[in-house]
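So the structure is just underneath, and the comments pick up after that.
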Amino acid sequence: MPLRKGFNNHDSSMNRREFMAAMTAAATLASGCDQPAKTPSKGLKLSVTCDMFRGEARGLPVDTVDGKDPRPDPHVSYSADEGLGLAASHGYEGFEMFDWRDAGERAAYAAAMRKHGLNAVCITANKGVRAPGCGLTDPSEREGFLQEIAAASEAAAEFNCRMLVVLTGFEREGVPRSEQMDSCVAGLREAAPMLERSGMTVIIEPINTLVTRPGYFLPGGRESFEMLRRVDSPNVKLLFDIYHVQVTDGDLILQIRNNIDLIGHFQIGDHPGRMQPGTGEINYRNVFRAIFELQLGGRFDGYAGLEYHPNVTLSQTMAEVRSLASFS
């Protein structure tokens, strides 16, 4: 069972009952399909970011309108074994963005991956959103960026993981935006031969600056795709975070259809609030169907990963998204 801190016995038993009820509901959903929901031909391949297992130690910002953590159980955390076991029980195929720099966490997820048969989808290459000393906007940090790519590639190979999330870092005050974009393009071009040799793909993550990260350099999809076309490498693609792109650009389905060859991975969250699908303005059933049609057409074979704070239990939201992203 997940680790629960600060509970009395009554609270603990109630949450166990809620957890088991959600698990039963998920099993009922799966039994009603012609084939198990995890079969790729029946739906999207789903992943979950490991930050959703961390409970009070979470790193993902809270983007709700009132600034309050929406989770009904923010004190509940899951070990690597518990988290991946929960994901596997709901028909998820992957997990992502564990802390590979932490030796204990790295070993725990390696063991849990083998036990539960999930795939490591992506890890973060440079050091966080600000990317200190290893960002892309400053040419003086180029060597640090390339060193992080090399180290992350080695760690990823241990997990048979082939995608590295890259953050551009923040804007440099007083430096023309075009100059910073040129630096990003040059850095990614320089990394491309290294990526080709190792069989890795970098996926650049845009992060909205209106709500989540004011000052971040690369906020939306349109500018990101322009950058990737300049880089012109099959080993450099986009992490299309549906939440961030909706905040910045909107026009989700057309952006996805027109640029799918440049997309390596999707992440999921609704707007406003960055909670689970169905809480905001995004029609996730239609977005998932658009991605699924591209998958059927052989134009996308990647994953969509959960990365948000739900206002229901983790088990419930995982079951609901699995159903939402499945097609008969």
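Tabulated data
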item	result
Residues (surrounded by 21 or more Cβ atoms within 10 Å (Cβ to Cβ), in contact with an Asp or Glu (Cβ under 7 Å, 6 or more places away or on another chain) and in a helix (DSSP H, G or I)) located in segment 109-123	ALA112
Residue tally, condition in contact with a Gly (Cβ under 7 Å, 6 or more places away or on another chain) and not polar (S, T, N, Q), over segment 184-231	3
Within segment 120-166, considering residues that are of a type in the set (Ser, Thr, Tyr) and in contact (Cβ under 8 Å) with a residue 12 or more places away in the chain, the one farthest from GLY215 (Cα to Cα)	SER153
Within segment 268-281, considering residues that are over 15 Å from the mean Cα position of the chain (by Cα) and surrounded by 20 or more Cβ atoms within 10 Å (Cβ to Cβ), the one nearest to GLN316 (Cα to Cα)	THR279
Residues of segment 92-112 classified as among the aliphatic types (A, V, I, L, M), within 26 Å of LEU324 (Cβ to Cβ) and either touching a residue at least 40 places away in the same chain (Cβ under 8 Å) or in contact with a Lys or Arg (Cβ under 8 Å, 6 or more places away or on another chain) (or both), total	1
Residue among ASP138, ASP182 that alone is crowded, with 17+ Cβ neighbours inside 10 Å, acidic (Asp, Glu) and modelled with pLDDT of 95 or more	ASP138
Any pair with Cβ under 6 angstrom, 6 or more apart, that starts in segment 234-260 at a residue that is over 17 Å from CYS122 (Cα atoms) and ends at one that is of a type in the set (Lys, Arg)	TYR243/ARG274; ASP249/ARG222; ILE260/ARG299
Some residue of segment 272-287 being closer than 20 Å to MET163 by Cα and at pLDDT 95 or above	no
Selection from segment 254-288 of residues that are assigned to a helix (DSSP H, G or I) and among the basic types (Lys, Arg)	ARG257, ARG285
Counted residues, segment 186-209 - those being of a type in the set (S, T, N, Q) and under 14 Å from LEU146 (Cα atoms)	2
Index of the failed condition, SER89 passing every other in (1) closer than 23 Å to PHE327 by Cβ; (2) crowded, with 18+ Cβ neighbours inside 10 Å; (3) hydroxyl-bearing (Ser, Thr, Tyr)	(2)
Any chance GLY169 is surrounded by 15 or more Cβ atoms within 10 Å (Cβ to Cβ) and at positive phi	yes
One residue from VAL312, VAL321, VAL247 being touching a Pro at 6+ places or on another chain (Cβ under 7 Å), of a type in the set (A, V, I, L, M, F, W, C), more than 16 Å from ILE204 (Cα to Cα) and assigned to a helix (DSSP H, G or I)	VAL321
Qualifying residue in segment 101-108 (condition: modelled with pLDDT of 95 or more, crowded, with 23+ Cβ neighbours inside 10 Å and not aliphatic (A, V, I, L, M))	no
Pairs, first under 14 Å from ALA131 (Cβ atoms) in segment 193-218, second among the hydroxyl-bearing types (Ser, Thr, Tyr) and in a loop (DSSP other than H, G, I, E, B), C-beta under 8 Å, six or more apart	ILE204/THR168; GLY215/THR209; TYR216/THR168; TYR216/THR209; PHE217/THR137; PHE217/THR168; LEU218/THR168
Matching residues, segment 40-98, being among the polar types (S, T, N, Q) and either more than 17 Å from HIS116 (Cα to Cα) or in contact with a strand residue (DSSP E or B) (Cβ under 9 Å, 6 or more places away or on another chain) (or both)	SER41, SER47, THR49, THR64, SER77, SER79
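Residues checked against (1) hydrophobic (A, V, I, L, M, F, W, C); (2) in contact with a Cys (Cβ under 6 Å, 6 or more places away or on another chain):
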residue	(1), (2)
SER47	no, no
GLY55	no, no
LYS68	no, no
PRO72	no, no
HIS75	no, no
ASP81	no, no
GLU96	no, yes
GLY104	no, no
ALA107	yes, no
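Residues checked against (1) within 26 Å of ASP51 (Cβ to Cβ); (2) touching a Leu at 6+ places or on another chain (Cβ under 9 Å); (3) buried (at least 20 other Cβ atoms within 10 Å of the Cβ); (4) acidic (Asp, Glu):
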| position | (1), (2), (3), (4) |
| --- | --- |
| LEU254 | no, no, no, no |
| ALA290 | no, yes, no, no |
| TYR308 | yes, yes, yes, no |
| GLU320 | yes, yes, yes, yes |
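The values are calculated or read from the model by the stated rules, or taken from the named source; none is laboratory data. This is a predicted model, so every value here is computed, not measured. Glycine gets a Cβ as well: all are built from the backbone with ideal geometry, and neighbour counts include every protein chain shown.
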